[in-house]
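To start, the structure itself, in structure tokens.
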Amino acid sequence: MAYLQLANIKKEYNISRTETQSVLRDISAGFKQGELVALLGESGSGKSTLINILGGLDTNYTGSIILNGEFLKDFTERQMDDYRKKRVGMIFQSYNLISNMSVLDNVKIAMKMSGIDEKIQTDRAIKLLKVVKMEHAAGKMPNQLSGGQKQRVAIARALANNPEIILADEPTGALDKESAELVMLILKKIAESGKLVIVITHSQKVADSCSRIVSIADGIIAQDVKVSSVKSKTLRRRPVRAGSISTKNTMALAWNNLWRSRQRSILVSIAMAIGIAAVISYSPYLRASPTM
């Protein structure tokens with residue numbers, strides 16, 4: 001039985017009051033744990049839309065997504081939030097690292113948002129950085145890293161809450177050949193650990209390194225081919241005990257952000273003060289000026 005099942009998924013966008021654009025048309029497929037699946041297709045084929053739906057970022061669709069026997073459409077908002085935080089990890093082409101946080105803090109942020117104990121956050125983040133061979137850069141800032149290094153940090157962050165599914169949107173699109181191969185090797189090892197890994201790509205070479213290729217064209221599945229097998233372990237999920245981010249952690253994040261970007265914050269404050277002063281000083285002249 002498929003761990004993740006898509007049944008008759010359809011998605012339309014409103015172009016005008018009377019006209020719609022169909023992006024996904026009756027997508028049905030099943031995915032198992034331990035698979036490394038490539039969603040292969042050209043730009044505009046519907047790949048990214050499908051990933052957003054699978055990641056719980058877009059809930060405005062018709063059809064059903066069934067996760068281990070549970071219908072996502074039956075989830076409450078709190079359950080969907082739990083799904084996004086703990087059951088799915090997302091990797092993006094543009095990395096989406098927080099520029100004013102260290103590598104270690106970028107990996108910890110997902111756990112921090114889930115209210116996990118600080119020591120557990122640090123220990124797990126360091127272990128994950130070792131998995132992606134980036135432990136030496138724990139104290140560095142994102143702007144000190146190459147593109148391939150940033151993507152490896154992003155992979156570590158996606159694994160932080162021990163999700164069952166990893167969704168990667170063009171993870172090698174901005175990387176050189178060597179970095180791309182290393183990222184795909186890491187994703188393969190993640191699949192071998194028993195997780196379901198789905199990779200969006202327009203590269204046939206990247207798709208060929210996966211165990212299965214699902215080709216999408218014009219919003220439908222044009223082909224579904226098994227390329228090879230992944231020697232995966234049976235995944236025994238140990239859910240991360242997570243709650244909501246505490247007020248203390250919220251205030252700490254806000255203060256750290258202000259402190260790390262203090263120079264910019266000071267300049268913005270000065271500029272605002274000058275602008276307000278200029279308006280106040282100029283307004284009496286506006287009131288005093290004769291009308292035509």
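The values are calculated or read from the model by the stated rules, or taken from the named source; none is laboratory data. Worth saying up front: this structure is predicted, and the values here are computed from it rather than measured. Cβ sites come from the backbone with ideal geometry, for glycine too, and all protein chains shown count toward neighbours.
Tell me yes or no: at least one residue of the stretch 187-199 is outside any loop (DSSP other than H, G, I, E, B), of a type in the set (A, V, I, L, M) and more than 15 Å from residue 34 (Cα to Cα).
The answer is no, given that none of the residues of the stretch 187-199 is outside any loop (DSSP other than H, G, I, E, B), of a type in the set (A, V, I, L, M) and more than 15 Å from residue 34 (Cα to Cα).
Please work out if residue 148 is crowded, with 16+ Cβ neighbours inside 10 Å and either in contact with a Leu (Cβ under 8 Å, 6 or more places away or on another chain) or free of Cβ contacts under 8 Å to residues at least 60 places away in the same chain (or both).
On the way: crowded, with 16+ Cβ neighbours inside 10 Å: yes; either in contact with a Leu (Cβ under 8 Å, 6 or more places away or on another chain) or free of Cβ contacts under 8 Å to residues at least 60 places away in the same chain (or both): yes.
In short, yes.
Filter the stretch 109-166 down to the residues that are part of a loop (DSSP other than H, G, I, E, B), under 20 Å from residue 80 (Cα atoms) and not β-branched (Val, Ile, Thr) and list them by number.
Residues satisfying the conditions are 114, 115, 159, 160, 161, 162, 163, 164.
Restricting attention to the stretch 184-196, does a residue exist that is buried (at least 16 other Cβ atoms within 10 Å of the Cβ), aliphatic (A, V, I, L, M), more than 26 Å from residue 84 (Cβ to Cβ) and touching a Leu at 6+ places or on another chain (Cβ under 7 Å)?
Within the stretch 184-196, none of the residues are buried (at least 16 other Cβ atoms within 10 Å of the Cβ), aliphatic (A, V, I, L, M), more than 26 Å from residue 84 (Cβ to Cβ) and touching a Leu at 6+ places or on another chain (Cβ under 7 Å).
Here's the yes/no breakdown for (1) closer than 19 Å to residue 161 by Cβ; (2) touching a Leu at 6+ places or on another chain (Cβ under 7 Å); (3) free of Cβ contacts under 8 Å to residues at least 60 places away in the same chain:
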| residue | (1), (2), (3) |
| --- | --- |
| 106 | yes, yes, yes |
| 111 | yes, no, no |
| 125 | yes, yes, yes |
| 128 | yes, yes, yes |
| 131 | yes, no, yes |
| 134 | yes, no, yes |
| 142 | no, yes, yes |
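What are the pairs with Cβ atoms under 7 angstrom where one residue, in the stretch 45-65, is more than 18 Å from residue 163 (Cβ to Cβ) and the other, located anywhere, is among the aromatic types (Phe, Trp, Tyr)? Sequence gap at least six, or different chains.
Once the first residue is more than 18 Å from residue 163 (Cβ to Cβ) and sits in the stretch 45-65, its partners that are among the aromatic types (Phe, Trp, Tyr) give 64/71.
Exactly one condition in (1) at pLDDT 95 or above; (2) farther than 20 Å from residue 43 by Cα is false for residue 215; which is it?
If we test residue 215 against (1) at pLDDT 95 or above; (2) farther than 20 Å from residue 43 by Cα, just (2) comes out false.
I'd like to verify a number: residues in the stretch 129-185 that are over 27 Å from residue 49 (Cα atoms) and either among the polar types (S, T, N, Q) or touching a Gly at 6+ places or on another chain (Cβ under 6 Å) (or both), how many?
Pass one, the stretch 129-185, residues over 27 Å from residue 49 (Cα atoms): 129-146, 178.
Filter once more, so that each one left must be either among the polar types (S, T, N, Q) or touching a Gly at 6+ places or on another chain (Cβ under 6 Å) (or both): 143-144, 146.
Total satisfying the criteria: 3.
Conditions (1) loosely packed, with under 15 Cβ neighbours inside 10 Å; (2) of a type in the set (S, T, N, Q), marked per residue:
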| site | (1), (2) |
| --- | --- |
| 39 | no, no |
| 44 | yes, no |
| 56 | no, no |
| 64 | no, yes |
| 82 | no, no |
